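The values are calculated or read from the model by the stated rules, or taken from the named source; none is laboratory data. Note that the structure is predicted; figures quoted are calculated from it, not measured. Heads up, the Cβs are rebuilt from the backbone with ideal geometry, glycines too, and the neighbour counts pull from every protein chain shown. Each accessible area value is taken on the protein alone, full model and side chains, heavy atoms only, with ligands, DNA and RNA left out. Shrake-Rupley method; radii C 1.70, N 1.55, O 1.52, S 1.80 Å.
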Amino acid sequence: MCVGTTVDVPNLRNASLSVLWLHGVCNENPLSPIIRRLGLTLYRTSGDDSILYDHDLESYALFDTNGHQVPQSMVVEVGVAFKKILEETDKVRNEQSNDISVKEAILIVLDRHPELRQEGLAYEVLQWYICRMEAWFAADADMISLKAWDQEKVLSGGHGLMVQGYDPVIKVLSRDIDIRLNHRVKKIVNGYKKVVVTVEDGRNFIADAAIVTVPLGILKANLIEFEPKLPEWKLSAISDLGVGNENKIALRFDHVFWPNVEFLGVVATTSYSCGYFLNLHKATGHPVLVYMAAGALSYDLEKLSDEAAANFVMLQLMRMFPDATEPVRLYDKMVLDMTEYVFGLTNLVSLIVDCLAVHSKWHIFYQLLMQLEKAKQPRIDASFLTLFSNGASQVQYLVSRWGTDPNILGCYSYDAVGNSDDIYDRLRAPVGNLFFGGEAVSVDHQGSVHGAYSAGTMAAESCQRHLMQGLGSLERIPLAACREEIVETTIPLQISRL
């Protein structure tokens, strides 16, 4: 099970760039015995069991692109309309002989029901709701299956933020297990009663069977050679299931300048242009905001350098809080001063600011100034340029790149348009001595840590039965992840809300 890494909040080392939530804070969650035994604390972000929202809408602040806060009454009203729109898509689904995307279904509903259409600022709020829906699936609405989008079985108990991250869970599950890090698998030979796994440096590992839990993105990219090749029914399942992308950009400030709400959002004319921040200060006490981007925007951010991506996020904050931090004030002043200094024309200020807003890169303007210097334009003070180029360094940041990480190539799976009903059965089914686990093969809880965990234990149990049958033994081998000292506990789940 690949759940990513976490870091300690004071140094941004505890602001997880991968998994943050436990979806389904209840005893039925397969991870709850471990979490209870370890005494880990959770911060409740929602009591709603909906598959769309991991935050209650009572604790938020939305802003338009001009920095004006959206009235809460409007957010609630548009939320009611959005719920009705989604209810109407169920009728569209029943009318379709072939699967279509959620986006196409929404457009059909709005065409049929003009009273559900939104205009002006309300339309931008509607786009923000769609943005949040896309974040759940880590994919754009035009990629999400209408047939399957709401078929996931969500556990009760709402959603909780893992304050200490999942690192303690990983440590206890990995105790006394021989784990080889930095061994990238390149080839798997599925032979008669033996499996040979070849890693990048050419070494081979031989076993009676193997459980494949690499991320779906790795399988889709064919980065592991299987010999013999996987059967067509397995390959088509790997190809057809969608793999999404959601990245996080964590920012640590010297002080808190934002409202005491759980998340901040930016509404816009398209879901792509909307965005939101998770306020970790509310759960951890540290001045950290985590910007979350999914789908196409997430992939586009990965095309930028870490610095440029962080500056893009700073631009979103600037729109909400123009005088929020020293770097923001310094940035505004420097754009004005340098434009006037170089050009001597105040009417070019808006042009430069617009350029920065489009490209979201501090260094665009810096490079422009350097080109003017080479072209023998008015002399630019070198120390002034150095100050500008380092203007954003006062904010610490971490940037995830799940879509291009060579060990991941995506964050988690989703039902793409046209998925077959048996796709999870085919993904999960063993091939000879190979068994398959991970969140992507979890039919009920794909895209979640507990889904990955339960699918992994299921694959381990299937592998165990396979080996026992081959040995002719009925003796059960205890699974490390199901040790009695971990599971047997009466400590309740510790979850609260500030």
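Checking every residue in segment 124-134 against the condition of being outside any helix (DSSP H, G or I), of a type in the set (A, V, I, L, M, F, W, C) and within 17 Å of C411 (Cβ to Cβ) gives zero matches. Checking each residue in segment 194-234 for being closer than 18 Å to V431 by Cβ and of a type in the set (D, E) picks out D208, E225, E227, E232. Among the residues of segment 368-419, those identified as of a type in the set (S, T, N, Q), at pLDDT 50 or above and out of contact with any helix residue (DSSP H, G or I) (no Cβ under 7 Å at 6 or more places or on another chain) are Q396, S400, T404, N407. Put simply, of Y129, Y60, Y123 the only residue that is of a type in the set (F, W, Y), in contact (Cβ under 8 Å) with a residue 24 or more places away in the chain and touching a strand residue (DSSP E or B) at 6+ places or on another chain (Cβ under 8 Å) is Y60.
Restricted to segment 140-255, the set of strands (runs of 3 or more DSSP E) holding at least 3 residues that are open to solvent by less than 50 Å² (accessible area, probe 1.4 Å), modelled with pLDDT of 90 or more and not acidic (D, E) comprises 185-190, 195-199, 246-252. Within segment 256-283, the set of residues being open to solvent by 40 Å² or more (accessible area, probe 1.4 Å) and of a type in the set (S, T, N, Q) comprises N260, T269, T270, S273. Taking N190, is it of a type outside the set (D, E), in contact (Cβ under 8 Å) with a residue 60 or more places away in the chain and within 30 Å of D421 (Cβ to Cβ)? Yes, satisfied.
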